Amino acid sequence: MIKFINASFMYEEISEVGEKEYRAATGIKNINLHIKEGECLVLCGVSGCGKTSLSRMINGLIPHFYHGSLEGEVLSKEVNMSQQAIAKTAEKVGSVFQNPRTQFFNVDTTSELAFGCENLGVAVNEIGSRIEEAVEKLNLKHLMDRSIFELSGGEKQRIACGSVYATHPDVFVMDEPSSSLDKSSIIQLKGVIETLKKMGKTVIIAEHRLHYLRDVADRFVYMQEGEIKSVYDREDFLKLSLDALTSKGLRTLDLNSLKALPVIHHERKPSICIKHLSFSRGKREILNIESLALFQHEIVALIGDNGAGKTTLAHCLCGLEKFKGMIEIDGKVQKNKELTARSFMVMQDVNTQLFTESVAEELLLNIEKPDKEKVDKLLKALNLEAHRERHPMALSGGQKQRVAIASAMMAGKDILIYDEPTSGLDWDNMNRMSELIRDTEKNTLCTMIITHDPELIFKTCDRVIHLKDGQVFDSYPVDAEGVEKIKKYFIE
Amino acid sequence: MENFNFGYTNSPYLWMDPRSKALLFLAANFALWGGTNYFASNLFFVFIVLLLINGKQTRMAMTAFVIYFAFLAIDVVLISKLSGTVSILLLTIFRVTRLYMPVICAAILLIRTTTVSEFVAAFKRMGLSDKIIIPFSVMFRFFPTLGEEWRNIRNAMRFRGIRFDWQSIMLSPIKTLEYVIVPLLMSTVKISGDLSAASISRGLGGPKERTCFKQIRFGILDYGVVILSSIFMIFTILDGM
């Protein structure tokens, strides 16, 4: 079906003097791979290993959208993909991307389903019947005629799959489709992939999260530094031990096999008390918490389905929402403004959190008494020393996140909240993030992590708060019993 | 910027073609520049309000209706009895606001009750090329995204103690603007890059003639709107002469 013959690619970059440069460190090299018809193939490896680049060579974005130097051949049914116009490739290969927010062209779901077909010039009557077919096959009936902006991440990914499906491609390419999904959305996505496979479609998925693919994938391709290191059949891959996976930088295949770090039980006094907290938007009550205490130097995981009120609770804690009830810190009732001054939320998308022209300046923004020593210490601790004069926007995603955390440390914030810090991170980076959170915890009063990542919880958190329908459904320490509860929540 | 409802709507009682909404908007502008005849202008405004109710924008329609006639009453009863600076001031507030009401209502009808796909279909029927239609639909796609990004930036500014109020805008306008524009640009550049990659890989910009799934047709209401709008426009032109 698709053959890679000695294929290599380097991304083109414009150097400071305005000349074209090719960076060998990015891109992929010496790829030989034969993808069979009707197969479900998973591309895995740490960030930057080249799995996304490989997927871009299949849907033609390389070399038609991302320019660079291409060697070797990628053949799809004996047609050379690099010579074929990308609009032609679009008829045969459908793509689903990582971020459900940025892959929609339309504002309503029905138009979105029609979009691919319209581009390919399919006749109007035919589009109608194709949409009906996609709706039936992928079970999208309740999502029709809705605004894209009111759908959950999982629903958006299902619409993305449906829209691609309507163009009747033979091959589906998915680039980290699960990275911003919660557990029930991941189950929906898995269902869609199973359906596609049953229909005989070829599905290629570049992915960090592997556990949801264990039953549906036929082969796993492990990549490292732009090269294919090994190709496993499912049976062989499932035999790999957790240690073997982590040494490759891969996430777990089996959530059941995870173990938590031993919990340190020491005397803890409540430092933040939430009392009779409620919040409504319009007539709908989003949050209603009778009482909840957060302990000093505690790392809490906030879990729950989409719409359970996790983000709203975080916003209330940070004083961003006008809520009813009260929040006390060390026995003193806090006004909203005081809460905002004492808290910081590390967002998933850090691009909107950085304001200045250099990393050092970012740390000193709005600091009344600039303490140069503290800046040096923080930059060193967060591994940012080499970048102190660089523009924050020129850094990688992980580095930007660290700059944001450093700015919060610099301002001496008491409450630190992370919003999905490890979605889309490989094992190594997740591990690094976990260590970073544990280290910074010493300098704050309380740390809260909104997350759908059980691996992160087991490695990092002391306690879990489980929200359901705006209420505290459960709250328990991450001990032997707690581990079972967490597994039960994420696996079912 | 909190509430971006552009381009998406609940379905109206009687469907209206975007083209007739556009004509209505044009006619409402005539009321602004040529409207010396109270009776015709008022009648036309009531017609627009009724169309808003048809488009399920009831609350908006009611508010506009009350403001319009309250201001008209003030204009007729009060201002004619005053003179000097006070009357000019009151005139500016009450009459100008009132004169703009039909235009505002027609614009709301056009924007709030038309989906992007209906706009695109209408443009297609009017024979516009994809070179105009595609940027237009991307623009609509971007309004809600900008809203989301703006909220994130506002939150981030609060955490960092960056002020965004009248005082900061007056005292240090450039700095305040920079704190808003830099993150907004950075995030929208990223979003638009991703969006282009996604649409190209789905065949946008290919050599084939694009089709349009959404089909639109003139209904009974549309003929009514076109006739009334035309009569009103001709009337105001003749009246003006």
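Every number here is computed from the coordinates shown, using simple stated rules; none is lab data. Source: prediction; values computed, not measured. Please note: Cβ atoms are built from the backbone with ideal geometry, for glycine as well, and neighbour counts cover all protein chains shown.
Quick one: length gained pulling B:L146 to B:M62 fully straight, 0.36 nm per residue minus the C-alpha distance?
27.3 nm
log₁₀ I(q)/I(0) of the protein assembly as shown at q = 0.06, 0.07 Å⁻¹, via Debye over equal Cα point scatterers, no solvent, to two decimals?
Here log10 of I(q) over I(0) equals -0.44, -0.59.
With r defined as the distance between the Cβ atoms of A:L261 and B:E209 and R0 fixed at 51 Å, what FRET efficiency is calculated, to the nearest 0.05?
0.25
Placing unit charges on C-beta atoms (Lys and Arg positive, Asp and Glu negative, everything else neutral), compute the dipole magnitude of chain A about its Cα centre in debye, rounded to 20.
760
Pairs of Cα atoms under 8 Å, at least six residues apart: use those to get the relative contact order of chain B, whole percent.
In percent, rounded to a whole number, it is 39.
What number comes out for the charge environment of A:A381, summing +1 per Lys or Arg and -1 per Asp or Glu over other residues with Cβ under 12 Å away?
Local charge sum for A:A381: +1.
Calculate the spin-label point distance for A:I5 paired with A:A394, positioning each point 7 Å from the Cα along the beta-carbon direction, and give it in nanometres.
Simple spin-label model gives 4.2 nm for this pair.
When the dipole is taken about the Cα centre of region B:118-200, and only Lys, Arg (+1) and Asp, Glu (-1) are charged at their Cβ, what size is it in debye, to the nearest 20?
In total the dipole reaches around 120 debye.
Please report how far the C-alpha centroid of region B:34-104 lies from that of region A:147-166, rounded to the nearest whole angstrom.
Each part reduced to its Cα centre gives a spacing of 44 Å.
Where the eigenvalues come from the Cα gyration tensor of region A:363-419, what are the semi-axes √(5λ) of the equivalent ellipsoid, largest first, in whole Å?
17, 15, 10
What Kirkwood hydrodynamic radius do you get for region A:356-457 when you take the inverse of the mean 1/r over all pairs of distinct Cα atoms, in Å?
Computed over region A:356-457, the radius equals 14.1 Å.
Using only alpha carbons, build the gyration tensor for region A:189-300 and give me the equivalent ellipsoid semi-axes, biggest first, whole Å.
In descending order, the three semi-axes are 41, 24, 12 Å.
Could you pull out the GluC sites (Glu not before Pro) across region A:27-129 that fall in loop regions by DSSP (anything but H, G, I, E, B) with no more than 10 other Cβ atoms inside 10 Å?
When the GluC sites (Glu not before Pro) of region A:27-129 are filtered for loop state and at most 10 Cβ neighbours within 10 Å, A:E78 remain.
Please turn the phi angles of region B:208-222 into ³J(HN,Hα) values with the Karplus equation 6.51 cos²θ - 1.76 cosθ + 1.60 (θ = phi - 60°), one per residue in order, whole Hz, x for glycine and proline.
6, 4, 5, 9, 10, 5, 6, 10, 10, 9, 5, x, 4, 4, 4
Sequence gap of 8 or more, or different chains, plus Cα separation below 17 Å: how many lysine pairs satisfy both in chain B?
5
Taking the Cα of A:M199, stepping 7 Å toward and past its beta carbon, and measuring to each backbone N in region A:77-103: which are under 19 Å?
Label zone hits: A:89-97.
Report, in listed order, any pair from A:K310/A:K335; A:K51/A:K485; A:K3/A:K198 with a Cα-Cα distance greater than 30 Å.
Numbers: A:K310/A:K335 21 Å; A:K51/A:K485 34 Å; A:K3/A:K198 22 Å.
With Cα atoms farther than 30 Å apart: A:K51/A:K485.
Compute the distance from the alpha-carbon center of region A:386-449 to that of region A:269-337, in whole Å.
The distance from the Cα centre of region A:386-449 to that of region A:269-337 comes to 22 Å.
Fewest Cβ neighbours within 10 Å first, please rank B:S41, B:S80 accordingly.
On the way: B:S41 24, B:S80 9.
So the residues, fewest neighbours to most, are B:S80, B:S41.
Please report the relative contact order for region A:414-492, taking Cα pairs under 8 Å with a sequence separation of at least 6, and give it as a percent rounded to a whole number. Intermediate results must be reported in sequence, preceding the final value.
Working: 78 pairs, mean separation 22.3, N = 79.
Taking the mean separation of contacting Cα pairs over the length of region A:414-492, I get 28 percent.
Once label points are set 7 Å from the Cα along Cα→Cβ at both A:E132 and A:Y22, what is their separation, rounded to one decimal in nm?
If labels sit at A:E132 and A:Y22, their model points lie 5.1 nm apart.
Take the Cα pairs of chain B, get the Kirkwood Rh, then feed it into Stokes-Einstein at 25 °C and 0.890 mPa s and tell me D in µm²/s. Show your work: numbers first, answer last.
On the way: Rh = 21.2 Å.
Reported coefficient: 116 µm²/s.
Taking the dipole about the Cα centre of chain B, with the C-beta of Lys and Arg at +1 and of Asp and Glu at -1, give me whichever of B:Y100, B:G127, B:V225 is farthest to the positive side.
It is B:G127.
Using the beta-carbon distance between A:N32 and A:Q296 and R0 = 60 Å, what value does 1/(1 + (r/R0)^6) give for FRET efficiency, to the nearest 0.05? Could you put the intermediate results ahead of the total?
Numbers: r = 56 Å, r/R0 = 0.94.
Computed FRET efficiency for A:N32 and A:Q296 comes out at 0.60.
Find the Cα radius of gyration of region A:2-257, compare it with 2.2 N^0.38 Å by division, and give the number to two decimals.
1.01
Could you give the spread of the C-alpha atoms of region A:41-123 along their three principal axes, from largest to smallest, in whole angstroms?
39, 30, 25
At a Förster radius of 41 Å, what calculated FRET efficiency corresponds to the Cβ-Cβ distance of A:E78 and A:A244, to the nearest 0.05?
0.65
Quick one: pull the percentage of alpha-carbon pairs in region B:118-200 with a separation above 15 Å. Could the numbers behind the result be given before it?
Working: 2301 of 3403 pairs.
I get 68 percent for the Cα pairs in region B:118-200 exceeding 15 Å.
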